Amino acid sequence: LSLSLSPSLPLSTTRSLGRTHINSCDFSVESYSFDDTDGDFNLTNFDANVQHDLDSGMVDMMLFAIRIAKESFPKEAAEYGMRIVASPWSPPAWMKAPTWEDEEGALHAEKMTGSALPTCIRDGVGSNSKYAKSWALFFSKFISAYANHGIDFYGVTPQNEPEFPAPWDACAYDPASEGDFIANHLGPTLAKSHPDTKILMFDHNKDHVVQWARMLLDSDHPASKYIDGSAIHWYAGGMDRLLDGAQGNPNMHRMVSELDVMNVDKSHILLGSEACHCPSTGYAGGDLNIAWARATRNAHTILADLAAGSNGFIEWNLILDSVGGPNHLGNMCDSPILAVPHRALGAVDIPDQLFFEHAGHPFGEVHGDHKTREELNSEGFPAKFLDLGIAVQPMYYYVGHITRFVRPGSRAVHALVDESSPDGPKSRTFRPQEQDVPGGGINDLARNGIEATLWPCEGSTRQEWLLNEEKQLQVFGHDWLGVPTTSCLGKVADKDMGGLMLTTCDMTESGSSGLFEVVPIPEEHRVNIVLKNSKVDSKKSCLVAQPLMNNGGAYGPRGGAQVNIGSCGHSWAEWIFDPSTGEIYSTVFDKFGGEVCLTTGWPFLQVGAFDTSATGEKAKAAVILNEAGESANYVFKNNGKTLLTGSIPPHSIQTISFD
């Protein structure tokens, strides 16, 4: 806990946000609730001492976090302190409608796992629902119970991942039913009993957050007056876990813009409420590349979300065991710190898995257990912590580069990694002058489901495209596991993400990739890239730049604009395609600083900058992230003035704090 919270330790991540669960979650040892009495609508049997959470140490952990925040950051404590959000995974089973697993004719669900659709609540969420009313009262009693222990929750979400009737503890809602639950029950109940506790809607992935906002935050919706913010998870939603944290940043910009269009109060909170890598852990996998890639993904997503307008980022979990548990449904995931007590100096008769871990070894042997402390130390797991029975993973340090310097009250300001040379296309960050071969190392974002975006040109493999013999725009790379990958640019914008994405190149499998023709524009040194397998007029079937909503946030218009299919007559459809380097670039954003190149996901070299004048010893902080397999030299400027020149090694992160 001190590693996560206390600045007295030189490398602590000093977190200021946390999240806990109301009743059990999948990372509990088993399902539990604080009132299992069927028909107890007034909750007279509610455990007002929340004894389970006392016995498990959860309450003590939160009290420790609150105390450390007050002692360590007294200037922050009055306004911020340690802010904790509580989210339910499931009501007690007696409040839930039967699921497909229950016997025909059952009055209610037998277990807290799974959910009926469109909502799990036994008699719905209408104004006359006895179970919804009781469930809202449950929130109130839970908040009161924790307050009696000295923990005042900053806010609650109505439900964790409401769109997913998960096999673990779950309760589904669609936008209409969550809106009705808030309007009819949760909102009025908390407004009366806990008016200072904020309600954050949604609490699920970026793909549908705008749809939910348009319904629930509409001023005419009766739930809107009770909603203080929106909670968002980082997962991609499908089964490809390597896409987690990689999708949906343009939707964050859409969300911020939508809030403005709908005249939602400026105090509305946009919170990244859950992120973790699955399956298993970097320690268990034993692959250095995966452990560091997970660390890099965390840092990228935090910087990108904050630049888009997010107010915070919560990691789920802080500490797990060596295989990513306990998790009573086998949903093993990763965390920055792992408990490995059997590795402690002097450990005797401590098994590699403790009694509460029921999962065994679902992903094979734990490779970290077969490495010496010296081997692990060389891979980024410090021996001094292993000797205490703790595996501190690389992602811990990456996050610390942000959390130690970007304190509560900071705000994102404009920053972007720009072109490295006034020579333009002749010289890029990762491609020296007179060299055609892109640099930066192998592209690990050449993957189906990655968004195609536009960023300042860096001369890397993430901006290298091949117009192949089939007339597809193809990219190549490998994934974190070292498996070769290839993908092609799609032909239709994703319905949820709003832009073109990478898809399979196999035309017999889905036919989702585009077939393109490069057509010179008369009297111009530019081309149109025309989609030939389009169902609309060819004059309306060109590859076009699609500006971000929210004006690109702190990155600006050149920082992650999307691409789509549109009119060939617009300047957005004009490109320069250099087959020798594989670059496809545009000058459409020249007035904002220069060219942009078609990119798989995002560039290797990134920066996030923050005004920290209200919070830190220095007025500003900049975080530089290099995902490439090569070093990058840079000139660091503020308002056009050079502050320093430097170099960042491959696969690393740096923080610059300055006035």
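In region 327-356, the qualifying residues are those that are among the β-branched types (Val, Ile, Thr) and within 31 Å of the chain's Cα centre (by Cα), and the one that is farthest from residue 403 (Cα to Cα) is 340. Looking across region 347-364, the residues that are modelled with pLDDT under 90 and of a type in the set (Gly, Ala, Ser) come down to 359, 360, 364. Of the residues in region 146-161, how many are open to solvent by 20 Å² or more (accessible area, probe 1.4 Å) and closer than 16 Å to residue 199 by Cβ? Going through region 146-161 one residue at a time, the tally reaches 2.
Residues that are open to solvent by 10 Å² or more (accessible area, probe 1.4 Å), in contact (Cβ under 8 Å) with a residue 40 or more places away in the chain and in contact with a helix residue (DSSP H, G or I) (Cβ under 8 Å, 6 or more places away or on another chain) are absent from region 631-644 altogether. In region 63-95, what residues are among the aromatic types (Phe, Trp, Tyr), farther than 22 Å from residue 273 by Cα and part of a loop (DSSP other than H, G, I, E, B)? The answer is 73, and nothing else. Within the set 151, 199, 143, the sole residue that is part of a helix (DSSP H, G or I) and either over 18 Å from residue 218 (Cα atoms) or in contact with a Phe, Trp or Tyr (Cβ under 9 Å, 6 or more places away or on another chain) (or both) turns out to be 143.
Matching residues to (1) closer than 20 Å to residue 328 by Cα; (2) open to solvent by 30 Å² or more (accessible area, probe 1.4 Å); (3) in contact with a Lys or Arg (Cβ under 8 Å, 6 or more places away or on another chain):
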position	(1), (2), (3)
12	no, no, yes
19	yes, no, no
23	yes, no, no
29	yes, yes, no
45	no, yes, no
57	yes, no, no
60	no, yes, no
81	no, no, yes
93	yes, no, yes
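Whether any residue in region 512-521 is under 28 Å from residue 414 (Cα atoms) and part of a loop (DSSP other than H, G, I, E, B) is what I want to check. Within region 512-521, none of the residues are under 28 Å from residue 414 (Cα atoms) and part of a loop (DSSP other than H, G, I, E, B). Of the residues making up region 207-226, just one is in contact with a strand residue (DSSP E or B) (Cβ under 6 Å, 6 or more places away or on another chain), under 29 Å from residue 299 (Cα atoms) and either aromatic (Phe, Trp, Tyr) or open to solvent by 10 Å² or more (accessible area, probe 1.4 Å) (or both), namely 212.
Taking first residues from region 228-239 that are over 14 Å from residue 256 (Cα atoms) and open to solvent by 10 Å² or more (accessible area, probe 1.4 Å) and partners that are in a loop (DSSP other than H, G, I, E, B) and of a type in the set (Asp, Glu), the Cβ contacts under 6 Å between residues at least 6 apart in sequence or on separate chains come to 235/244; 236/244. Where residues in region 588-601 are without any contact (Cβ under 8 Å) to a residue 40 or more places away in the chain and not aromatic (Phe, Trp, Tyr), which of them is surrounded by the fewest Cβ atoms within 10 Å (Cβ to Cβ)? Checking each candidate, the answer is 591. Applying the condition of being among the charged types (D, E, K, R) and assigned to a loop (DSSP other than H, G, I, E, B) to region 115-132 and asking which residue is surrounded by the fewest Cβ atoms within 10 Å (Cβ to Cβ) yields 123. Of the strands (runs of 3 or more DSSP E) that lie entirely inside region 524-640, those containing 3 or more residues that are closer than 20 Å to residue 306 by Cβ and in contact with a Ser or Thr (Cβ under 9 Å, 6 or more places away or on another chain) span 605-611, 620-626. Determine whether region 460-468 contains at least one residue that is closer than 24 Å to residue 316 by Cβ, under 27 Å from the mean Cα position of the chain (by Cα), crowded, with 16+ Cβ neighbours inside 10 Å and modelled with pLDDT of 95 or more. Within region 460-468 (the criterion being closer than 24 Å to residue 316 by Cβ, under 27 Å from the mean Cα position of the chain (by Cα), crowded, with 16+ Cβ neighbours inside 10 Å and modelled with pLDDT of 95 or more), the answer is no, since none of the residues qualifies. Inclusion of residue 135 among residues that are open to solvent by less than 10 Å² (accessible area, probe 1.4 Å), modelled with pLDDT of 95 or more and closer than 14 Å to residue 90 by Cβ is warranted. Only one entry in 561, 573, 619, 628 is open to solvent by less than 60 Å² (accessible area, probe 1.4 Å) and either closer than 22 Å to residue 403 by Cα or acidic (Asp, Glu) (or both), namely 619. Can you tell me which residue is modelled with the highest pLDDT among those in region 515-539 that are open to solvent by 90 Å² or more (accessible area, probe 1.4 Å) and out of contact with any Phe, Trp or Tyr (no Cβ under 8 Å at 6 or more places or on another chain)? Restricting to residues being open to solvent by 90 Å² or more (accessible area, probe 1.4 Å) and out of contact with any Phe, Trp or Tyr (no Cβ under 8 Å at 6 or more places or on another chain), the top hit is 520.
The values are calculated or read from the model by the stated rules, or taken from the named source; none is laboratory data. Keep in mind the model is a prediction, meaning the values are calculated, not measured. Ideal geometry is used to build each Cβ from the backbone, glycine not excepted, and the neighbour counts take in all protein chains shown. Heavy atoms of the whole protein, side chains included, go into the accessibility calculation; ligands, DNA and RNA do not. Shrake-Rupley method; radii C 1.70, N 1.55, O 1.52, S 1.80 Å.
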